[in-house]
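Here's the structure we're looking at; comments come further down.
The values are calculated or read from the model by the stated rules, or taken from the named source; none is laboratory data. Bear in mind the structure is a predicted one, so any value in this text is a computation, not a measurement. Using ideal geometry, Cβ is built from the backbone for each residue, glycine included, and neighbour counts are taken over all protein chains shown. Note: accessible area is taken over every heavy atom of the protein model, side chains too, but ligands, DNA and RNA are not part of it. Shrake-Rupley method; radii C 1.70, N 1.55, O 1.52, S 1.80 Å.
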Number of protein chains: 2
Amino acid sequence: MLDYALLAALAAVIRTGSFERAAQQLHVTPSAVSQRVKLLEERLGTVLVVRGSPCTGTPAGQRLCQHVEQVSLLESELRHELPGIQHSGPPVTVRLAVNADSLATWFVDAMAEAPDCLFDLVLDDQEHSADWLRRGEVLAAVTASAKPVQGCDSTPLGALRYVATASPAFVRRYFPEGVDTTSLARAPRLTFNSKDRLQALWTERAFGAEIASPTHWLPSSQAFIDAALAGLGWGMNPEMLVAGHLRDGRLVALVPDQPLDVPLFWQRSRIASRTLAGITRAVLRKAGATLHQMP
Amino acid sequence: MLDYALLAALAAVIRTGSFERAAQQLHVTPSAVSQRVKLLEERLGTVLVVRGSPCTGTPAGQRLCQHVEQVSLLESELRHELPGIQHSGPPVTVRLAVNADSLATWFVDAMAEAPDCLFDLVLDDQEHSADWLRRGEVLAAVTASAKPVQGCDSTPLGALRYVATASPAFVRRYFPEGVDTTSLARAPRLTFNSKDRLQALWTERAFGAEIASPTHWLPSSQAFIDAALAGLGWGMNPEMLVAGHLRDGRLVALVPDQPLDVPLFWQRSRIASRTLAGITRAVLRKAGATLHQMP
C-alpha cells in the first residue's frame, strides 16, 4: 500500500497552496511537511509540487491528491457502517462542479440545507461541468448534460430561465428600429467566457440565425447584470436575478415572451452516494422549488 | 513580415473558441478560416489550435494571439495620429485583469464611463493580477502590487475595505464565548480559492496568529455573501456589499471596528497609454469616489 502519511502531506500542500498552511492543518512543523513531500517525490521519482505562491500540483501531484480525497471519502462511508472507528482530521470536504448562474441563484440555499460538511466548489459552464465528473475531479455536478456519466446517477432538476436583457438607454441607442438580425450584429453583447453559448443560442432560437457581434467578456454572473444595467451590452441573465429590475424598468427584455430555458441535471458519483445523500436531498428540494418545468 | 491574414484567423478562432464563429466574425467561410490556420501551422511547423469545444490555443498559438492583439493596439494608436487611415474590423478589445471584489463593487461603473471600447476581463486575486501584466497578457490591471511592472505606470486607487462577517446564528453557534483563536480554529470559514489570503491576513492582524480552520471553497464574490447570510461560514466581505446586511442585522462583524483595508493600484502598459487614457480617467475617478484612503 502507499504511505498515506506522506500522501496526506502532499494533499494538504496542494489544497492549501503552501507548506506552512499544510503544516498548520496537519499539526506538524513545515519542515516535517517538506520532508514528507520530498520523500514521496524521491520514491515516485517525479516532481509532485510546483513550489510557488501558491504551491500547485504537477499533473502527477494532482492525480495523487485526487486519490487521497477518494480514499478519505471511502473512509467516511466506512465510518457510517462501523461507528466504532474514530474520526480523525477535519470533516469531509465535498468537491462539486456548479455553473456560475446556479451558484448565483439557488445553489447556496441548497448548500445551507445540507447536513454539516465542507464544500469545495468548482465553477464551470453547464455544458462543461460534467467533464469534471468524467475526469473524477468532483463527486457531483450541476450540468446541462442529461446522459449519466459512467458510474453516476443523473436526476433532472428543472430549467433555469434566462431573459435577453439590456438597459432602456441601450435599447434606444442600438435598437431604435427594433431588434432584428441587422441591429443585433452591431449592438455589443456580453459573453461570460469562450464556453458561453447562451447569447448565440438565443439569437438562433429567436431569429433563426447565429449572429456575430462585438462583445465584452465578463466572467461573473453579478457583473453581467451590473454591465447590462450600466448600458455596456445586452446579455442572457437569469430571470430570478433580473425580475426586480425588469419590473422597475431598469432593464427591459429585448424580445417579450422569448425566454431561454436551460435544463439542468444533478449528476453524482455512485461511489459517494451515502456521503452525498443529504446534499442530493437538499439540491433536489431547492431546485424543485425554484427552477422551471423542463421545456 | 508575418502574414496577418493568417494570424487574424488564428486569433479569431482562439478568441471565439470555434472556427464557425471566427468565420462569422471575419465574414469569410469556416473552410477559409480552417485553411488559413492550417497554412500557418504548416509554415511554423507546430500545432497552434487544440480542436475541441471550445477550441483553445496551444502555448505557441496563444503567444501568436497575444502578438496579434498587440499589433491591433499599435494600429489603433497609429490611427489617432493619422486619421486618414480607415478603420477596418471590430472596435479594439481591451484586455484587463481585475480582482473579483473590485468587479463586484466599483469597476463596472468605471467601465461604463470609459469611452466606447470592448472589454475582455480576466479575474484574478489582487496579489496575482499584476502577473498577467508582467506576462504581457493584459494591458492594465487592478492590483495590490504598488511597484510598477516593467514598462508600466502605477497609480494608487485607494483601499477596498473588508469586514469579517457571519450570520447571527453562526456567531451564536461557533462563538458563544466570543471570537478568539480557539473558537476561530473550529468555526468553518469561507475561502475564495487557494490564492485568497484575506481571512488569514485578518486573523493575523486581529489575533496575532494565522489560524488553521475548516473551510469552504467558494470562488464567487456574491456567493461569499450568500454563504455568510446562509450561515455556512464566516468570511472577509467588501464593506460596500454588506453595509445593508450589517445595518439590518442579517450579518454581524466578528470583531467591531476591525476592518481590513486592501490597498489597490491601477497599473497600465505605457505602450497602450493613448488607448487606455479614457479608461484610466474613469478608473481613477470611480475608485476615488468609492474606495477608502490608503492605510
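Numerical summary
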{"item": "Flag if A:A130 is open to solvent by less than 60 Å² (accessible area, probe 1.4 Å), of a type outside the set (V, I, T), touching a strand residue (DSSP E or B) at 6+ places or on another chain (Cβ under 7 Å) and more than 14 Å from every other protein chain (Cβ to nearest Cβ)", "result": "no"}
{"item": "Criterion violated by B:S31 - all others in (1) at pLDDT below 90; (2) within 28 Å of A:L184 (Cα to Cα) satisfied", "result": "(1)"}
{"item": "Selection count, segment A:182-210, where residues are closer than 17 Å to A:P259 by Cα and assigned to a helix (DSSP H, G or I)", "result": "11"}
{"item": "Scan of segment A:240-285 for residues that are in contact with a helix residue (DSSP H, G or I) (Cβ under 9 Å, 6 or more places away or on another chain), over 26 Å from A:P168 (Cα atoms) and open to solvent by 50 Å² or more (accessible area, probe 1.4 Å), ordered by number", "result": "A:I271, A:S273, A:R274, A:R281, A:L284, A:R285"}
{"item": "Extreme residue, farthest from the other protein chains (Cβ to nearest Cβ), among residues of segment A:191-211 that are under 29 Å from B:N99 (Cα atoms) and surrounded by 20 or more Cβ atoms within 10 Å (Cβ to Cβ)", "result": "A:L198"}
{"item": "Qualifying position, being assigned to a loop (DSSP other than H, G, I, E, B), of a type outside the set (A, V, I, L, M, F, W, C) and out of contact with any Leu (no Cβ under 8 Å at 6 or more places or on another chain), among A:S213, A:S145, A:S154", "result": "A:S145"}
{"item": "Flag for B:R161 being more than 26 Å from A:V13 (Cβ to Cβ), among the basic types (K, R), more than 14 Å from every other protein chain (Cβ to nearest Cβ) and open to solvent by 10 Å² or more (accessible area, probe 1.4 Å)", "result": "yes"}
{"item": "Identity of the residue in segment B:94-117, of a type outside the set (D, E, K, R) and surrounded by fewer than 18 Cβ atoms within 10 Å (Cβ to Cβ), that ends up farthest from the other protein chains (Cβ to nearest Cβ)", "result": "B:P115"}
